[in-house]
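The values are calculated or read from the model by the stated rules, or taken from the named source; none is laboratory data. Treat the numbers as computed from the prediction; the structure is a model and nothing was measured. Please note: Cβ atoms are built from the backbone with ideal geometry, for glycine as well, and neighbour counts cover all protein chains shown.
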Amino acid sequence: MSLQHHINGFHYYLGALGCSAIAMGLQVVIFPWLVVGVLNEAPDRVGLAQMAVMLPNLLLILWGGALSDNRHLGTFVSRLYLLYMLPFAVMLVATLAGYLSYSLLILFGTTYGVISAFVQPARESLLSQLAADNLQRSVALSTLVQFAGQSLGLLAAGLFERVGLASLLILQMLLFIATSVLIRTSQPPGFGLPAGRQTSGGRISSGLREVWHHPRLLPLMSVVGATGFLGFGAYLVAIPIMAREIYQQGSFFFAALQLSFAIGVLLSNIAYMRLTGGFRRPGKVLIISLFLRGLVMLFIATRLPEMLLFPMVVLWGMLSGISISLGRVMTHAEAPESHRSRVVSIYQLALFGSAPIGAWLCGQMIGWWGVLEVFAVLGVCTVGVACAGVFSQLWRSRPERPASQQ
């Protein structure tokens with residue numbers, strides 16, 4: 001692939017990432033609010049619904065990563081995005097017919113999650129093929145575009161009660177079609193399939209062995225797994241319930257909280273992109289950010305007034321944003337080219353695979369104790385995991401060149 005085509009391909013990739021992020025930003029608000037604000041389900045059923053979306057990651061994402069290592073990713077990811085049309089079309093028909101139920105949302109969420117389990121590792125591996133020489137900048141820029149798009153989706157989702165569900169579903173379908181076209185344009189057939197990729201083994205076990213025996217990847221995946229288990233429960237289950245039960249607010253307030261989080265992610269990644277040479281101790285920064293996120297959850301548990309709640313959620317987003325970028329950069333840098341999709345899928349499994357269990361448990365605990373009490377418990381556990389991380393090899397890790405360059 002020529003340098004000019006390489007650069008153009010990355011720009012098309014960013015365009016595709018932005019379109020899909022708008023659609024998924026809409027999804028972040030619409031799906032939980034249908035469960036919480038429209039169907040008025042109990043906290044344990046909210047957690048179960050979120051678990052239905054994320055459980056396929058736990059079951060299928062390693063397989064998805066193994067398949068990606070044997071595919072032309074431009075074509076493969078393009079086709080995967082078109083599969084999103086199926087659950088959204090079913091949801092649109094049901095909405096127009098006046099049939100909306102908890103069981104339908106579970107079916108929709110599960111189908112959405114299955115497709116995402118294959119999209120995520122393949123799309124992330126495509127980034128490493130299209131990225132410029134500066135991996136840190138490419139990852140930070142992709143995260144920036146992703147959360148900027150998600151912010152637009154969150155703003156659009158705030159209009160849910162005005163424009164209606166059907167209009168937003170149609171918008172999401174159009175965005176997924178645009179994403180498919182842009183992804184295919186970013187890497188047309190005949191480009192981007194390195195020698196040896198066609199015949200390299202797709203065994204899941206080889207990726208697991210690579211991580212297990214790596215002195216930095218193993219503790220990295222452990223910290224990322226704790227982040228998914230503890231953080232996503234609060235983000236996906238506790239926040240919408242807090243908006244409804246503690247602050248007595250509707251979907252616009254919930255969307256504003258999600259937007260505040262996304263703004264925090266954007267701010268941290270803008271700063272990260274301007275940081276020449278990256279962090280000298282990226283693992284240490286990752287663990288410190290985890291510790292501070294635990295403190296943020298403890299502050300939220302005190303029932304902050306609204307004027308302080310939103311800045312605190314922005315701070316939470318900033319800490320999460322730098323953690324997301326650092327985790328991705330370290331994974332790409334440490335993973336060998338021959339196993340990159342598989343190692344990336346293990347990273348995605350650690351982050352998103354632990355999330356359904358955390359979301360389900362969070363819903364159960366809110367039903368037992370209350371939402372603010374659960375924020376306090378999750379905050380204490382997050383601080384504890386961060387303190388344990390100080391004794392790992394991750395705390396002493398230094399920046400590495402991508403494995404393919406070593």
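State which residue pairs qualify: first residue on the phi > 0 side of the Ramachandran plot and inside the stretch 161-189, second residue of a type outside the set (Lys, Arg) and surrounded by fewer than 16 Cβ atoms within 10 Å (Cβ to Cβ) in any location, beta carbons under 9 Å apart, and separation of 6 or more residues or different chains.
none
For the stretch 185-197, name all the residues that are surrounded by fewer than 20 Cβ atoms within 10 Å (Cβ to Cβ) and modelled with pLDDT of 80 or more.
Scanning the stretch 185-197 gives Thr185, Pro188.
Quickly run through the stretch 72-85 and pick out the residues that are of a type outside the set (Ser, Thr, Tyr), farther than 21 Å from Pro356 by Cβ and touching a helix residue (DSSP H, G or I) at 6+ places or on another chain (Cβ under 7 Å).
Leu73, Gly74, Phe76, Val77, Leu82, Met85
What pairs can you find where one residue is in the stretch 289-306 and assigned to a loop (DSSP other than H, G, I, E, B), the other is among the polar types (S, T, N, Q), and their Cβ atoms are less than 9 Å apart, with a gap of 6+ or different chains?
As it stands, the answer is none, since no pair meets every condition given.
Tell me which helices (runs of 4 or more DSSP H) are completely within the stretch 198-259 and hold 1 or more residues being over 17 Å from Gly65 (Cα atoms) and at pLDDT 80 or above, or say none if there are none.
Hits in the stretch 198-259: 217-233, 239-245.
Select the helices (runs of 4 or more DSSP H) contained entirely in the stretch 12-105, then report the ones holding at least 3 residues which are surrounded by 21 or more Cβ atoms within 10 Å (Cβ to Cβ).
The qualifying helices (runs of 4 or more DSSP H) are 43-68, 73-83.
Kindly check whether there is at least one residue in the stretch 250-261 that is crowded, with 17+ Cβ neighbours inside 10 Å and under 17 Å from Ile366 (Cβ atoms).
yes
Somewhere in the stretch 365-385, is a residue crowded, with 24+ Cβ neighbours inside 10 Å, in contact with a Lys or Arg (Cβ under 7 Å, 6 or more places away or on another chain), in contact (Cβ under 8 Å) with a residue 12 or more places away in the chain and part of a helix (DSSP H, G or I)?
yes
Write out, first by first residue and then by second, each pair whose Cβ atoms fall under 7 Å of each other, whose residues are 6+ apart or on separate chains, and whose first residue, in the stretch 242-255, is among the charged types (D, E, K, R) while the second is at pLDDT 90 or above and surrounded by 21 or more Cβ atoms within 10 Å (Cβ to Cβ).
Glu245/Val371
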